[in-house]
Amino acid sequence: MLEPIGLSTEATEVYRASLLNSCGSVEELTALVGRPAEVVRGALDECVRLGLIRPSWETPGRVHAISPDVALQALLARQESALLARERQIAETRVEVARISEEFAATRSRRRHNEVEQLEGLDQIRDRIGELTLGCQRSLVAFAPGGHQTSDNREASRPLTESLRDRGVTVRTIYLDSIYNDPATVEHARWLVETGNDVRTVAWLPARMIIFDGEAAILPMDPDNSGDGALLFRGRGVLAGLSELFRLVWERAAPITSARKQRTSTDDKGLTSQEKAVLRLLGEGFTDEGVARKLGVSVRTGRRITADLMGRLGAKSRFQAGLRAARLGWLDEVPGADGDPDAGHSGALDPAPPTTAVLPRPEPAGRRLADR
């Protein structure tokens with residue numbers, strides 16, 4: 001058919017019938033092509049517009065088909081001209097794309113030689129995370145504060161997780177104990193384990209962090225809004241410190257379990273890991289809202305834990321609770337000194353990364369650095 005040169009199926013049929021049968025009235029053409037009269041009239045208008053048919057100069061009311069050697073060759077020539085122009089545009093565009101790619105590669109190469117690279121905005125942050133993840137060959141470790149993970153984040157992480165598994169990359173992720181409040185997140189964590197990843201939980205985490213192959217780490221700049229920007233560290237000293245921080249927390253974290261035993265188990269003083277974390281956070285001056293963010297729980301739940309601790313200590317104020325907790329030795333534990341991997345979870349988080357960057361509080365879906 002002649003669609004590639006701009007002719008519809010109906011117009012092709014009408015032109016062919018008029019050309020081969022030397023007929024020129026609407027009634028004759030309607031009978032020949034077997035289509036309704038209004039369709040034939042529309043096709044005739046199209047043929048006239050394209051220069052294939054013109055009104056007869058000899059007989060009014062009839063039409064005359066132009067020779068295909070003239071009419072169709074003219075249409076074909078126009079299409080060929082347009083195609084050549086398009087090919088020239090594509091060739092020019094290809095040159096421009098190559099130039100921009102070279103400029104970007106040179107800029108990125110200069111940035112990668114710096115030990116600290118500043119990433120501005122979510123788009124740039126996510127682009128760099130994607131690039132680093134695709135290039136990751138040995139290990140990826142992450143702190144994932146924020147409590148439960150949204151369904152969008154869980155689904156988005158699956159293909160990435162499977163890609164890392166297929167490349168033989170070891171993935172270790174530390175969540176908060178509070179994920180046990182959300183069955184869907186716990187189920188996702190178990191799926192990660194079944195896929196070959198290692199997953200553990202602690203009462204609270206110092207910051208959100210991702211380390212790729214022990215060679216690059218991403219942390220947000222603003223603790224309150226990870227979308228404002230992030231820092232990419234490549235310096236050996238910084239990476240050594242961050243990797244050691246992860247190792248310390250990992251050793252004292254508890255493997256994901258099918259029950260809440262890990263979250264509700266107590267030490268010899270009757271304190272859960274969350275309660276110990278609350279005491280330490282309160283001692284550091286965190287507000288109810290700050291404590292809740294660190295634990296990945298609601299403010300109401302955080303206040304309930306605080307009120308319960310104050311009641312057990314017989315304290316009327318937080319300051320008094322802190323004094324009594326210290327007197328009872330609740331705040332003097334050395335992380336892991338007694339060999340109990342659950343003892344002193346919060347103490348293990350005291351060391352700060354060798355940098356001024358800290359990670360954000362839990363962000364809404366779409367604003368987190370990574371949710372595995």
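The values are calculated or read from the model by the stated rules, or taken from the named source; none is laboratory data. From a predicted model like this one, the values you see are computed outputs, not experimental measurements. Neighbour counts are summed over all protein chains in view; Cβ atoms, including those assigned to glycine, are modelled from backbone coordinates with ideal geometry. Note: areas computed on protein heavy atoms with side chains; ligands, DNA, RNA excluded. Shrake-Rupley method; radii C 1.70, N 1.55, O 1.52, S 1.80 Å.
Gain on full extension, evaluated as 0.36 nm per residue between Thr170 and Asp127 minus their Cα-Cα distance, stands at 13.3 nm.
Over the Cα atoms of segment 96-245, the radius of gyration divided by the Kirkwood radius equals 0.98; this is the Rg/Rh ratio. The mean of 1/r over all distinct Cα pairs in segment 123-210, once inverted, gives the Kirkwood hydrodynamic radius of 13.4 Å.
Accessible area per residue (1.4 Å probe, heavy atoms of protein chains only) ranks Met310, Met209 as Met310, Met209, with the largest value leading. Heavy-atom accessible area with a 1.4 Å probe sorts Trp57, Trp330, largest first, into Trp57, Trp330. Using a probe of 1.4 Å on the protein chains alone, the accessible area found for Ser151 is around 60 Å². Both radii come from the Cα set of segment 124-168: Rg as radius of gyration, Rh as Kirkwood radius; their ratio Rg/Rh reads 0.97. For the pair Arg247 and Glu3 in one chain, pulling the backbone fully straight at 0.36 nm per residue adds 81.2 nm over the alpha carbon distance.
With the convex hull drawn around the C-alpha atoms of segment 56-134, the volume per residue stands at 200 Å³.
Working from label points 7 Å from Cα in the Cα-to-Cβ sense, the Asp288 to Arg41 distance is 7.8 nm. The listed residues Lys269, Lys294 rank as Lys269, Lys294 when sorted by accessible area, largest first, using a 1.4 Å probe.
Calculated accessible area for segment 1-104 comes out at 66 Å² per residue, all protein chains present (probe 1.4 Å; ligands, DNA, RNA ignored). Subtracting the Cα-Cα distance of Val299 and Ala82 from their residue separation scaled by 0.36 nm leaves 71.6 nm. When you count the other C-beta atoms within 10 angstrom of each residue and take the mean per peptide, 280-286, 11-17 line up highest first as 11-17, 280-286. Using the Cβ-Cβ distance between Asp182 and Ser101 with R0 set to 51 Å, the FRET efficiency works out to roughly 0.75.
Mean projection of the Cα convex hull over all viewing directions, computed for segment 45-182: 18.1 nm².
As an exercise, use a Förster radius of 25 Å and the Cβ-Cβ distance of Asp152 and Asp222 to find the FRET efficiency, rounded to the nearest 0.05. It comes out at approximately 0.65. Given R0 = 56 Å, the distance between the Cβ atoms of Glu92 and Trp191 translates into a calculated FRET efficiency of 0.70.
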